[in-house]
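As structure tokens, the structure follows; a few thoughts come after it.
The values are calculated or read from the model by the stated rules, or taken from the named source; none is laboratory data. All figures in this text were calculated on a predicted structure; none of them were measured in a lab. Methodologically, a virtual Cβ is constructed for each residue, glycine included, from the backbone with ideal geometry; neighbour enumeration extends over all protein chains shown. In case anyone asks, the SASA skips ligands and DNA or RNA and just uses the protein heavy atoms, side chains included. Shrake-Rupley method; radii C 1.70, N 1.55, O 1.52, S 1.80 Å.
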Amino acid sequence: MRIFAAVGDSGLMNLVLLGPPGAGKGTQGDLLSERCKVPKYATGDILRDAVRRGTPLGREAKRFMDAGELVPDAVMMGVAREALHAAAARNGFVLDGFPRTVTQAEGLAELLQERQAVLDAVVYFAVPEEELVRRLSGRRVCRDCGAICNIAADGPEGGVETCGTCGGRLEIRDDDRPETVRNRLRVYRENTEPLLNWYRESSVALHQLDAVGTVEEVYERLLDRVGCS
Ligand code: AP5
């Protein structure tokens, strides 16, 4: 049953994907962005790109990211403002990894109000912690095209070494090392989980998505929620 139509008659969809590290927000966000033809803005990707290019933002963010800590809210509001002011975001957007604190959620509401836009829904990806650790320890990212895969799951016997999309070299994300993962999960519980209650008490629709299962199964459930066809 379709219980929510984020892409309504207007054809617009303003969506936030919320959930712990490794829950599959990036994987599903890419699929959704392509299918619904709306841009996905992943703050983690934006920051990693800035780190790679050695920009002032990247230099500022790197030490927080390497430690699995959150980049300060004031910095992240600048990142979000720039993304959402892009012309492409006028016809809808999928936000992955933002907001991550109540301060950021308040800032996002103000940003949208300035643009006379609203958030249609927040989708919360529910995954047990042991599954998150399993996914993060097997995650690889293509250095060339940015595709995400998992060495535990992809390929006939697992253990893929090259990108299934472009054949490029796969890398482990710096913050997927076990000690950093532990801290990211703690930071998530302390700073981001409280957002669930914040959104529950707001006027924005909050949908809990069972994000355990194959990528295809989770995608089906997600489409059922957001109604993009
Ligand atoms: P960010 O890049 O946003 O990391 P994250 O939120 O921790 O999320 P991940 O990218 O780790 O996981 P995901 O849910 O996207 O899962 P994925 O699809 O990759 O942030 C990184 C850092 O940047 C933060 O720690 C912070 O320092 C900083 N930052 C970013 N935004 C910020 C903000 N707003 N405020 C402050 N700081 C900020 O999947 C994971 C793995 O699982 C992959 O291998 C994938 O192939 C696999 N997988 C996916 N789905 C399934 C499935 N259904 N079954 C099995 N495996 C699956």
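Ignoring the sites themselves, the chain has its longest run without GluC sites (Glu not before Pro) in a DSSP loop having at most 13 other Cβ atoms within 10 Å at 1-156. Placing unit charges on the Cβ atoms of the charged side chains and taking the dipole of the stretch 92-181 about its Cα centre, the candidate lying farthest along the positive direction among Ser137, Cys166, Leu111 is Cys166. Compared with the alpha-carbon gap, the fully stretched path from Val133 to Asn91 is longer by 11.6 nm at 0.36 nm per residue. Taken over the alpha carbons of the chain as equal point scatterers, the Debye sum produces base-10 log I(q)/I(0) values at 0.09, 0.18 Å⁻¹ of -0.35, -1.59. When a 1.4 Å probe is rolled over the protein heavy atoms, the share of accessible surface on the stretch 75-136 that falls to carbon and sulfur comes to 49 percent. In a simple Cβ point-charge model (Lys, Arg +1; Asp, Glu -1; nothing else charged), the chain has a dipole of about 420 debye relative to its Cα centre. With the convex hull of the Cα atoms taken as the outline of the stretch 75-130, the averaged projected area works out to 4.6 nm².
Taken one residue at a time, the phi angles of the stretch 192-204 give Karplus couplings (6.51, -1.76, 1.60, θ = phi - 60°) of 9, 4, x, 5, 4, 5, 4, 6, 4, 8, 9, 8, 7 Hz. Gly and Pro are set to x. Comparing Ala152, Gly58, Gly44 along the charge dipole axis of the stretch 36-185, the residue lying farthest to the positive side is Gly58, per the Cβ-charge model.
For Asn14, the residues whose modelled amide H falls within less than 5 Å of its own, excluding neighbours fewer than 5 places apart on the same chain, are Phe93, Asp120, Ala121.
Among the cysteines of the chain, those with no neighbouring cysteine Cβ under 4.7 Å are Cys149. Toward the positive end of the charge dipole of the chain, with +1 on the Cβ of Lys and Arg and -1 on the Cβ of Asp and Glu, the farthest Cα among Ala211, Met13, Ala87 is that of Ala87. Taking amide H atoms as placed 1.01 Å from N in the peptide plane, the amide H of Asn150 lies under 5 Å from those of Arg140, each 5 or more residues away in sequence or on another chain.
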